[in-house]
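Step one of this worksheet: look at the structure below.
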Amino acid sequence: MEAQRLLLATGLFLNDQGAVGRSLTYLKRALGTARRLHGDDHPLVLNTRAALAYAHRAIDDLKEAIPCWSRTWPKRNASWALTTPTP
């Protein structure tokens, strides 16, 4: 799990620094690692996939960003709703 978090953090850092092409490599590796460890619906997988979608969006690669985000958003919302207490 530490490898996945390190890959994700590196990918996010590179994306913030404008090195989106390099960040995509790390984010894809982080996603693959998270999926192998946790399956598709785990919050770490969903957050990593969302970061990957944002990185694709940063370089206007909507062909990859939109499907990535559309696979993530419904599950991420459902996961968030289950863990957020209602007043």
For the range 2-81, using Cα atoms only, the Rg and Dmax in Å read 11.7, 33
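How long is the gain from Glu64 to Thr25 if the chain were fully straight, where each residue apart is worth 0.36 nm and the alpha carbon distance is subtracted? Don't jump to the answer; show the numbers that get you there.
Details: separation 39, 0.36 × 39 = 14.04 nm, distance 1.39 nm.
Contour length minus Cα-Cα distance gives 12.7 nm.
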Report, in debye and to the nearest 20, how large the dipole of the range 2-81 comes out about its Cα centre when Lys and Arg carry +1 and Asp and Glu carry -1 on their Cβ. 160 debye
Got a sec? How would Glu2, Glu64 order by Cβ neighbour count within 10 Å, fewest to most? Glu2, Glu64
At a 10 Å Cβ-Cβ cut-off, how would you order Lys63, Lys28, fewest neighbours first? Lys63, Lys28
Mean separation of Cα contacts under 8 Å, 6 or more apart, over the residue count of the range 2-81: relative contact order %: 25 percent
From the phi of every residue in the range 6-15, what ³J(HN,Hα) in whole Hz does the Karplus formula 6.51 cos²θ - 1.76 cosθ + 1.60 yield, where θ is phi - 60° and glycine or proline is x? 5, 4, 5, 4, 5, x, 5, 4, 4, 4
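FYI, it's all coordinate maths here, none of it is from the lab. Keep in mind that what you see is a predicted model, and the values were worked out from it rather than measured. Note that each Cβ is placed from the backbone with ideal geometry, even for glycine, and that neighbours are counted across all protein chains shown.
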